[in-house]
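Below is one structure; the comments refer to it alone.
The values are calculated or read from the model by the stated rules, or taken from the named source; none is laboratory data. As the structure is a prediction and not an experimental result, all values here were calculated from the model. Please note: Cβ atoms are built from the backbone with ideal geometry, for glycine as well, and neighbour counts cover all protein chains shown.
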Amino acid sequence: MVDSSGAPVRVRFAPSPTGLLHIGGLRTALYNYLFARKHGGRFLLRIEDTDRERYVEEAEADIVASLRWAGLAYDEGPDVGGPDAPYYQSQRSEIYRHYAQQLLEAGHAYYAFDTPEALEAMRERLQQSGHASARYDAVTRQQMQNALTLPADEVRRRLEAGAEHVVRLKVPRGRMVRFQDLIRGWVAFDTAELDDQVLLKSDGLPTYHLANVVDDHLMQVTHVIRGEEWLPSTPKHVLLYECFGWTAPAMAHLPLIHSPSGGKLSKRNAEEMGIPVSVRQYREEGYEPEALLNFLAFLGWNPGTEQEVFTLDALVEAFSLDRVGSSGVQFNLDKLRWYNQQHLRALSPGDLLARAAPHLRARGFDADAAYLRRVAALMQDRIAFASDLATSCDFFFEDPTAYDAQGLKKRWKDDSAALLTAYADRLEQADAFDEASAEAVLRTLAEEKGVGAGRIIHPTRLALSGMTFGPGLFEMMAVLGRATCVRRLRRAVEVLV
RNA sequence: GCCGCGUUCGUCUAGGGGUCUAGGACGCCGGCCUUUCACGCCGGUAACACGGGUUCAAAUCCCGUACGCGGUACCA
């Protein structure tokens, strides 16, 4: 696919390195990725590090690591390079200055010398005199210290003296700026609602608005896919494209992800609902990247069919921007958990094992690969996280040290000890030991003793695993092996009397 | 406050004038299967924000209200 001007699709994810990559940021990256792949286009990563105050050193590494973990490979970016390098805005200052200069010369921007104190005073004055808003606009700029109010030689004098200044966009009065959002349709803003946006800050670095427009143009971005919080800034960007005489890319503003408690999924908002906000946390808590992506894709989009479980490649295939919704969506941890189970189940036992390996190692659980694979196969339908393999079935790796109290109360009878002893004896003497024989021996014993099979099955499970949870008893026994089963049966008889 | 965007089960959503006594998924509740726990299967719970229009007919189109969210920085 190409855009209206016939250019090949190019999209970008442009995070600000101010902290760990946010889960909402990952969704934005995902939608960009899906759109790019779907249309055979390019997906770029650009680091928008123009705010020195909020810059966090480790953030960029986390963004890169998170995208890599998730499997969202970008075609161009800081660590992979590309024709439009550098992909750090902090290394592109000269470019922005050049374009700001161009705007200045064309009369679309002007120098302003107001101090922060002067700006604050102006806003306070306006608010107190009952003005609806307090913006730096076509009216108020008349009262401020800028190139529009100061004599030209005074402006020059101040500039040469190195006076602190910013460059502001000269927003025209009384115009409607319209643009078509791919998700919301036509959106219109009155320029009277816009202020003379700062383009170049007093530290010489650009604001988001300038840097974003310049870079998107220079990098030939065809579709800007970003969060809805940018919708109100878009008219400023449209104006900038106009001033430069450039064609604006297509715009698509994604619905915001909300916390179940309402409001945006901020760190505070989310964490009080038990929802992690950084991608790193999801990784650490053991979510599968495919599951997270699948869940995120469905937060605001649906394929129009009843299929819900998708691999990344399948998402690429099914994705389209026109099936993205426009209303805010709530994060739902239960659903994510369900996706995680679904993706786990789709794995081969060997792959499941690979995912669980670090957790197994962390607990010091070790066994040969064949044994581990059988455990994985037995547990696959019973777990929600790969790490559950290391935390919910210890009995595959060590003898139980305690027995479930409720299970005992319900299942351990006066004759249990005698029955288990007899069962252990017969297992020891049996010719073979496998799933079928373990069952046959048990059922024969039950019949001879005139009790229901359950009378032996339940205490045996308790003796072997200490739990009332687990795979089918006989398949479990087959995996554990004869020696372990016998040992645990005798041990239980001893401990429980 | 002002501007913008939004509003279908608790949540994610299908639907976009008649096929809607509104479909699916998560959750929850029953049941079946079963030696347990899961899985699976069957069933149940539960929604078109409100008020006006337009129309033979509106969840679907229009207007208003309410509510929610976002923006309103020399942050992105």
Discussion item. Condition check: within 14 Å of RNA strand B (Cβ to nearest atom) and of a type in the set (Phe, Trp, Tyr). Does A:TYR31 satisfy that?
Written reply: yes
Discussion item. So A:TYR111 passes all but one of these: (1) without any contact (Cβ under 8 Å) to a residue 24 or more places away in the chain; (2) within 15 Å of A:LEU200 (Cβ to Cβ); (3) of a type outside the set (Lys, Arg). Which condition number does it fail?
Written reply: (1)
Item to complete: Would you mind finding the one in A:THR140, A:THR115 that is β-branched (Val, Ile, Thr), exposed (fewer than 13 other Cβ atoms within 10 Å of the Cβ), over 18 Å from A:HIS209 (Cβ atoms) and within 13 Å of RNA strand B (Cβ to nearest atom)?
Response: A:THR115
Worksheet item: Somewhere in region A:314-328, is a residue within 13 Å of RNA strand B (Cβ to nearest atom), surrounded by 17 or more Cβ atoms within 10 Å (Cβ to Cβ) and under 25 Å from A:GLY286 (Cα atoms)?
Response: no
Worksheet item: Is it the case that some residue within region A:327-344 is of a type in the set (A, V, I, L, M, F, W, C), without any contact (Cβ under 8 Å) to a residue 24 or more places away in the chain and out of contact with any helix residue (DSSP H, G or I) (no Cβ under 9 Å at 6 or more places or on another chain)?
Response: no
Worksheet item: Do we find that A:THR484 is of a type in the set (S, T, N, Q), under 27 Å from A:ASP388 (Cβ atoms) and modelled with pLDDT under 95 in this structure?
Response: no
Fill in: The listed residue being within 29 Å of A:GLY40 (Cα to Cα) and out of contact with any Asp or Glu (no Cβ under 7 Å at 6 or more places or on another chain), out of A:ALA367, A:ALA362, A:ALA356, A:ALA318
A:ALA318
Item to complete: Identify all residues within region A:17-56 that are part of a loop (DSSP other than H, G, I, E, B), closer than 18 Å to A:VAL224 by Cα and touching a residue at least 40 places away in the same chain (Cβ under 8 Å); write none if there are none.
Response: A:GLY41, A:ARG46, A:GLU48
Practice prompt. Name the residue, out of A:VAL171, A:VAL139, A:VAL177, A:VAL167, that is under 44 Å from the mean Cα position of the chain (by Cα), of a type in the set (Val, Ile, Thr) and modelled with pLDDT under 95.
Written response: A:VAL139
Discussion item. Test of understanding: among A:LEU148, A:LEU103, which residue is part of a loop (DSSP other than H, G, I, E, B) and touching a strand residue (DSSP E or B) at 6+ places or on another chain (Cβ under 6 Å)?
Written reply: A:LEU148
Discussion item. Looking only at region A:60-100, filter to residues that are among the aromatic types (Phe, Trp, Tyr) and in a helix (DSSP H, G or I); which one of those is farthest from A:VAL221 (Cα to Cα)?
Written reply: A:TRP69
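For every residue, the table says whether it meets (1) part of a loop (DSSP other than H, G, I, E, B); (2) β-branched (Val, Ile, Thr).
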{"residue": "A:HIS131", "(1), (2)": "yes, no"}
{"residue": "A:GLY162", "(1), (2)": "yes, no"}
{"residue": "A:GLN180", "(1), (2)": "no, no"}
{"residue": "A:ILE183", "(1), (2)": "yes, yes"}
Practice prompt. Pick out the one residue from A:LEU427, A:LEU473 that is over 49 Å from the mean Cα position of the chain (by Cα) and not hydroxyl-bearing (Ser, Thr, Tyr).
Written response: A:LEU427
Discussion item. Among the listed residues A:PHE474, A:PHE433, A:PHE469, identify the single one that is closer than 21 Å to A:LEU372 by Cβ, at pLDDT 95 or above and not in a helix (DSSP H, G or I).
Written reply: A:PHE433
Practice prompt. Six or more apart or on different chains, Cβ under 7 Å: which pairs go from a residue in region A:451-464 that's part of a helix (DSSP H, G or I) to one that's more than 10 Å from RNA strand B (Cβ to nearest atom) and hydroxyl-bearing (Ser, Thr, Tyr)? Could you list them?
Written response: A:ILE456/A:TYR423; A:PRO459/A:SER416; A:THR460/A:TYR423; A:LEU462/A:TYR403
Response to the item:
Per the filter on region A:215-245, residues in a helix (DSSP H, G or I), in contact with a helix residue (DSSP H, G or I) (Cβ under 8 Å, 6 or more places away or on another chain), within 15 Å of RNA strand B (Cβ to nearest atom) and not hydrophobic (A, V, I, L, M, F, W, C) are A:ASP215, A:SER233, A:PRO235, A:LYS236, A:HIS237
Worksheet, complete the sentence: Restricted to region A:463-497 and to residues being away from RNA strand B (no atom under 15 Å from the Cβ) and of a type in the set (A, V, I, L, M, F, W, C), the residue surrounded by the fewest Cβ atoms within 10 Å (Cβ to Cβ) is A:VAL497
Practice prompt. Of the numbered conditions (1) assigned to a loop (DSSP other than H, G, I, E, B); (2) within 10 Å of RNA strand B (Cβ to nearest atom); (3) over 28 Å from the mean Cα position of the chain (by Cα), A:ALA248 fails exactly one; give the number of that condition.
Written response: (2)
Response to the item:
When region A:268-283 is checked residue by residue, the ones that are modelled with pLDDT under 95 and assigned to a helix (DSSP H, G or I) are A:ARG268, A:ASN269, A:ALA270, A:GLU271
Worksheet, complete the sentence: Note on region A:185-196: residues assigned to a helix (DSSP H, G or I) and either free of Cβ contacts under 8 Å to residues at least 12 places away in the same chain or near RNA strand B (Cβ under 7 Å from one of its atoms) (or both) are A:GLU193
Fill in: Members of region A:354-377 that are surrounded by 15 or more Cβ atoms within 10 Å (Cβ to Cβ), away from RNA strand B (no atom under 16 Å from the Cβ) and closer than 22 Å to A:PHE474 by Cα
A:TYR371, A:LEU372, A:ARG373
Worksheet item: Considering A:GLU306, A:GLU317, which residue is at pLDDT below 95, not in a strand (DSSP E or B) and not aromatic (Phe, Trp, Tyr)?
Response: A:GLU306
Fill in: Flag if A:LEU199 is over 29 Å from A:SER326 (Cα atoms), within 14 Å of RNA strand B (Cβ to nearest atom) and in contact (Cβ under 8 Å) with a residue 40 or more places away in the chain
yes
Discussion item. Checking the structure you have, find out if any residue of region A:91-105 is among the aromatic types (Phe, Trp, Tyr), within 30 Å of A:GLY77 (Cβ to Cβ) and at pLDDT 95 or above.
Written reply: yes
